[in-house]
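Values quoted throughout were computed directly from the atomic coordinates according to the rules given, and no laboratory measurement underlies them. Owing to the predicted nature of the structure, the values given are computational and were not obtained by experimental measurement. Neighbour counts are summed over all protein chains in view; Cβ atoms, including those assigned to glycine, are modelled from backbone coordinates with ideal geometry.
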Amino acid sequence: MDDALSAEAAQVHARPGRLREFWFYFRENRGAVIGLWIFAVFAILALFGPWIAPHDATTQFRSDTLLPPAWQEGGSRKYVLGTDPLGRDMLSRLIVGARFSFFVGVVVVTVAASGGIMIGLIAGFAPRWVDSIIMRIMDIILAFPSLLLALVLVAVLGPSLTNAMIAIAIVLQPHYVRLTRASVLSEKQKDYVTSARVAGAGYFRLMFVTVLPNCLAPIIVQAALSFSTAILDAAALGFLGMGAQPPTPEWGTMLAEAREFILRAWWVVTFPGLAILITVLAINLMGDGLRDALDPKLKRS
Amino acid sequence: MLNYVLSRLLTFIPTFIGVTLISFGFIRALPGDPIVVMAGERGMTPERYAELSAQFGFDRPIFVQFWEYLTGVLQGDLGNSFVTKRPVWDEFFALFPATLELSFCAMIFSIALGIPAGVIAAVNRGKFFDRALMSTALVGYSMPIFWWALLLIIIFSGNLGWTPVSGRISLMYYFPNATGFMLIDSLASGQKGAFASAVQHLILPTIVLGTIPLAVIARQTRSAMLEVLGEDYIRTARAKGLTSGRINGIHALRNALIPVVTVIGLSVGTLLAGAILTETIFSWPGIGKWMVDSIFRRDYPVVQGGLLLIAVMVMVVNLTVDMLYGLINPKIRKR
């Protein structure tokens, strides 16, 4: 009896696991949960797109060009969202296109975040003059409007989706450097870091094991935000003809191809943009939820 | 304060040199020999090639080239466009008013709607208005503006026929560009309908360019207002029996505006990036379209000079905002 009581008490007082606690706060934000669901659908489409799509994304049904969506007069059940000027099924192209945006987001965030965290850690721990040099370089990159810099970088590297991703990663990376450096500088003064240093921890251990895990919260939020920025910028580059090249069903490139038909066929323009908007919106909703759940200052406020 | 200003100015110099180096380096890294590109499909003799190469200084060591470029830049010489043969500097200032006019209108649009929206949302925290406004703001913030522009064209130009699709003014009107600002010039020309035409051409680009700043300002105003509304002096004001309009409008908003003004100042870069897309879609003859066209035409001196001028502009504005912020808020200076 006594044992059971104390066990129960221990259970009540035990600190919930980090993930559980995070989920508890994340779940409170309804928008974030909706965003998460949409993002899950987006991820599934990205992974299994070609098997889900009703038609092949590049097959041209020459007799069915510019058909309106199924619910409009003249539309066909065969092509639910209509067809584009070359007779390709819009729905299939949109579904297959999800993987390009997803891929862009994952690669750009991974490259920009890992590079930025490394440089930020170095800037935070290195002697003052190294720190100033690194931060001046970041200032220089940030002085250019990101899309313009990406545009010129792609012009240098040659227009393709890979080069667009490299350019966007370079442009987004200074934000991670600044964020990491700022949290490293504030964490470094705390007692637990001093005690680790006194205990003989080397620089590598201090950087990656002691300090970095405590700097991750703002970086994770930034990762969510730059995931959506990456998708938007890649689509913008595609739209300007400097990203993925036709016939790739990338959403921005699809919009660029559809531009001349805007006044004749609303669906070829509306749906790719809507796909971008919904995806970006879902990720931003998730980002807001992440921020609320991870930032202790805003909790319970 | 003087120390703060001086230290900020000192960091400006290496950043400026770096920005010059980057814009200079990019052009050297671009694929294709600029002189061959200039010759076009006709090609040229080796003698002519050597002559042109000497004329542009491409035959000298890269350090010498950079030094000459840097000294040229400091004297206001950015070279000549390959395509039009006119100085880059002149082209920039001929087109800059168009971008400035558009950005200015977009900023007014986003401030005029964003601040009231943020205040209303904060005052009605958690209620219907707050949710509706903030959801709308998040949609605006997530908007691919190039698509938004096409959508607005479909609705307002295509279906309703209210607004023109491209350009700054209808071809029916002709008058000298005294200031470069179409709104002022059209008004000064005294031609009937010219001003109305200029306004009509401005509406859609303004909305498109202003959408993201609008969302950012609304969100920022709301959070700043919420912070201020929790302060003691607001409670005091309420206890004194002031009307809520007076409390929200005068006591709270004035203090909440400081971070909002900072956000507005720092969004110049965002605005210029947005101008690239907006101007391209609406064929607006400004800096953004000029840069995109030059990148496609491989007009190296223009890309190089334009990059530099835009970056310096962003840097100067950010520096000014920083300093103003330091002036308003002494806590910042100590860092």
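Among the helices of chain A (complete DSSP H runs), which have Cα atoms covering no less than 18 Å along the helix axis and a Kyte-Doolittle mean of at least -1.0?
A:30-52, A:90-125, A:128-143, A:161-188, A:212-239, A:266-294
Assign one of three labels to chain B, namely rounded, prolate or oblate, based on the Cα gyration tensor with a ≥ b ≥ c the square roots of its eigenvalues; rounded applies when a/c is under 1.5, prolate when it is not and a/b is larger than b/c, and oblate otherwise. The partial results should precede the final answer.
Details: a/c = 2.58, a/b = 1.54, b/c = 1.68.
It is oblate, given that a/c is not under 1.5 and a/b is not larger than b/c.
GNM on chain A, C-alpha springs below 10 Å: top fluctuator among A:Val184, A:Val152, A:Val104?
Among A:Val184, A:Val152, A:Val104, the largest GNM mean-square fluctuation belongs to A:Val152.
Please label the shape of region B:59-157 as rounded, prolate or oblate, based on the square roots a ≥ b ≥ c of the eigenvalues of the alpha-carbon gyration tensor (a/c under 1.5 means rounded; beyond that, a/b larger than b/c means prolate, else oblate). Write down the numbers at each step before the final one.
Values: a/c = 3.28, a/b = 2.57, b/c = 1.28.
It is prolate, given that a/c is not under 1.5 and a/b is the larger ratio.
Calculate log10 I(q)/I(0) of region B:150-270 for q = 0.20 Å⁻¹, where I(q) comes from the Debye formula with a single equal point scatterer on each Cα and nothing for solvent.
-1.01
How do the peptides B:132-145, A:85-98 rank, highest first, by the average count of neighbouring beta carbon atoms within 10 Å per residue?
On the way: B:132-145: 19.6, A:85-98: 22.4.
In descending order of packing, they fall as A:85-98, B:132-145.
Could you tell me the largest-minus-smallest coordinate of the C-alpha atoms of region B:216-296 on each of the three principal axes, in descending order and whole angstroms?
64, 17, 13
Say we join alpha carbon atoms closer than 10 Å with springs in a Gaussian network model of chain A; which of A:Ala40, A:Ala112, A:Ala201 then has the biggest fluctuation?
Its mean-square fluctuation being the largest, the pick is A:Ala201.
Which value, in nm² and rounded to one decimal, describes the direction-averaged projected area of the C-alpha convex hull of the protein assembly as shown?
Details: hull surface 160.6 nm².
That works out to 40.1 nm², a quarter of the Cα hull's surface.
Where does chain A land at 222 nm, in deg cm²/dmol rounded to the nearest 500, when only DSSP H runs of n ≥ 4 count, each adding -39500 (n - 2.57), divided by all residues? Each step should come with its number before you reach the end.
On the way: 11 runs with 211 residues, N = 301.
Result for chain A: -24000 deg cm²/dmol, rounded to the nearest 500.
With a Cα-only, solvent-free Debye model of region B:168-234, what are the log10 I(q)/I(0) values at q = 0.20 Å⁻¹?
-0.79
What is the distance in Å between the Cα centres of region B:261-328 and region A:215-236?
22 Å
Take the alpha-carbon centre of region A:41-59, take the same for region A:127-195, and report the distance between them in whole Å.
Between the Cα centres of region A:41-59 and region A:127-195 lies a distance of 34 Å.
At 222 nm, what helix-only mean residue ellipticity would chain B give, in deg cm²/dmol to the nearest 500, using -39500 (n - 2.57) for each DSSP H run of four or more?
Numbers: 15 runs with 241 residues, N = 335.
-24000 deg cm²/dmol, from helical runs alone.
Over 14 Å, how big is the tail of the calculated P(r) for region B:100-169, in percent of all Cα pairs? Write down the numbers at each step before the final one.
Values: 1741 of 2415 pairs.
Cα-Cα pairs of region B:100-169 separated by over 14 Å account for 72 percent.
Determine Rg/Rh for region A:12-120; Rg is computed over alpha-carbon atoms and Rh is the Kirkwood hydrodynamic estimate from the same atoms. Numbers along the way, then the final one.
Working: Rg = 20.6 Å, Rh = 17.2 Å.
Answer for region A:12-120: 1.20.
Would you look at the GNM of chain B, springs on alpha carbons closer than 10 Å, and say which of B:Tyr174, B:Tyr300, B:Tyr69 moves the most?
Taking springs between Cα atoms under 10 Å, the residue moving most is B:Tyr174.
If N is the number of residues in chain A, what value comes out of its Cα radius of gyration divided by 2.2 N^0.38 Å? Could the numbers behind the result be given before it?
Numbers: Rg = 23.9 Å, N = 301, 2.2 N^0.38 = 19.2 Å.
Expressed relative to 2.2 N^0.38 Å, the Cα Rg reads 1.24.
When we measure straight from the Cα of B:Lys85, which aspartates and glutamates land under 20 angstrom away, once same-chain ones fewer than 8 places off are left out?
Result set, ordered by chain and number: B:Asp33, B:Glu41, B:Glu51, B:Glu68, B:Asp77, B:Asp293, B:Asp299.
Mean Kyte-Doolittle hydropathy of -0.5 or higher plus an axial Cα length of 27 Å or more: which whole DSSP H helices in chain B meet both? Walk me through the numbers on the way to the answer.
Working: long enough: B:2-29 (40 Å, 1.37); B:88-123 (50 Å, 1.64); B:194-229 (46 Å, 1.20); B:300-328 (42 Å, 1.80).
Length and hydropathy pass: B:2-29, B:88-123, B:194-229, B:300-328.
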